[in-house]
Amino acid sequence: MRHLLPIAAGLALAACTPAADSPSDGSWQPLADGGPRCEGLEQPFAGRCYFAAGVKWLSYEAAQQLCASHGAKPVSIDSAEENAFVFKLLPHANQAAWIGLRRSGAAFQWESGAAPGFTRWADGEPNNSGGKERCAVIWGPALDAALSGHWNDAPCDSPGRDTVICER
């Protein structure tokens, strides 16, 4: 089950129902590994907290601002397990979500400046179509199963992304 949480400027966050062992009062949930505490409907994974913003038509800059307004940033994905976890956060109807990977020159890097140690590009990607694809998305469940969970490069100013996955 998914819920919408109201946030500033009339936007909303889509979040998963808390795990069965989550507090029912919406309080902060401590992580077993000593990482940050996840708030209410945020989902914990590997010492970090994640949420999918239930907002459509975000440019990458708007996605960054939305995450920052919650003390988070667009997700950096470091493993196949994390990629699968992030994919499961996407609402079923979503076609794509921004991730925190951007082109710097010829190579991609995470917002932290680190080079990706793990990638899951779709076949033929990244292709920098038109020389303007400097940001990246994860394809969602509304697409062909062969593309779902894979990454694609896209123009950063493209408003045609369904959401963003934020992490803190």
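The values are calculated or read from the model by the stated rules, or taken from the named source; none is laboratory data. From a predicted model like this one, the values you see are computed outputs, not experimental measurements. FYI the Cβ positions are ideal-geometry reconstructions off the backbone, even for glycines, and counts take in every protein chain you see.
Condition first: in a helix (DSSP H, G or I) and in contact with a Lys or Arg (Cβ under 7 Å, 6 or more places away or on another chain). Now tell me which residues in region 81-92 satisfy that.
If the condition is that a residue be in a helix (DSSP H, G or I) and in contact with a Lys or Arg (Cβ under 7 Å, 6 or more places away or on another chain), then ASN83 is the only one that fits.
The rows are residues; the columns are (1) in contact with a His (Cβ under 9 Å, 6 or more places away or on another chain); (2) within 25 Å of GLU42 (Cβ to Cβ); (3) of a type in the set (Asp, Glu).
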{"position": "TRP98", "(1), (2), (3)": "no, yes, no"}
{"position": "LEU101", "(1), (2), (3)": "no, yes, no"}
{"position": "ALA106", "(1), (2), (3)": "no, no, no"}
{"position": "ASN128", "(1), (2), (3)": "no, no, no"}
{"position": "GLU133", "(1), (2), (3)": "no, no, yes"}
{"position": "ALA145", "(1), (2), (3)": "no, no, no"}
{"position": "GLY149", "(1), (2), (3)": "no, yes, no"}
{"position": "PRO155", "(1), (2), (3)": "no, no, no"}
{"position": "SER158", "(1), (2), (3)": "no, no, no"}
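Does region 68-83 include one or more residues that are at pLDDT below 95, crowded, with 18+ Cβ neighbours inside 10 Å and over 24 Å from SER148 (Cβ atoms)?
There is at least one residue in region 68-83 that is at pLDDT below 95, crowded, with 18+ Cβ neighbours inside 10 Å and over 24 Å from SER148 (Cβ atoms).
Given the conditions (1) over 18 Å from TYR50 (Cα atoms); (2) part of a loop (DSSP other than H, G, I, E, B), and given that GLY149 satisfies all but one, which numbered condition is not satisfied?
Exception for GLY149: condition (1).
For (1) at pLDDT below 95; (2) surrounded by fewer than 16 Cβ atoms within 10 Å (Cβ to Cβ), each residue gets a yes or a no:
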position: GLY130; (1), (2): yes, yes
position: GLU133; (1), (2): no, no
position: ALA136; (1), (2): no, no
position: ALA142; (1), (2): yes, yes
position: ALA145; (1), (2): yes, yes
position: ASP157; (1), (2): yes, yes
position: ARG161; (1), (2): yes, no
position: VAL164; (1), (2): yes, no
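Please go through (1) without any contact (Cβ under 8 Å) to a residue 60 or more places away in the chain; (2) within 20 Å of GLU39 (Cβ to Cβ) for ARG103 and return the number of the only condition it doesn't satisfy.
Unmet condition: (2).
It is to be established whether one or more residues within region 131-146 are without any contact (Cβ under 8 Å) to a residue 24 or more places away in the chain and acidic (Asp, Glu).
Yes, region 131-146 has at least one match.
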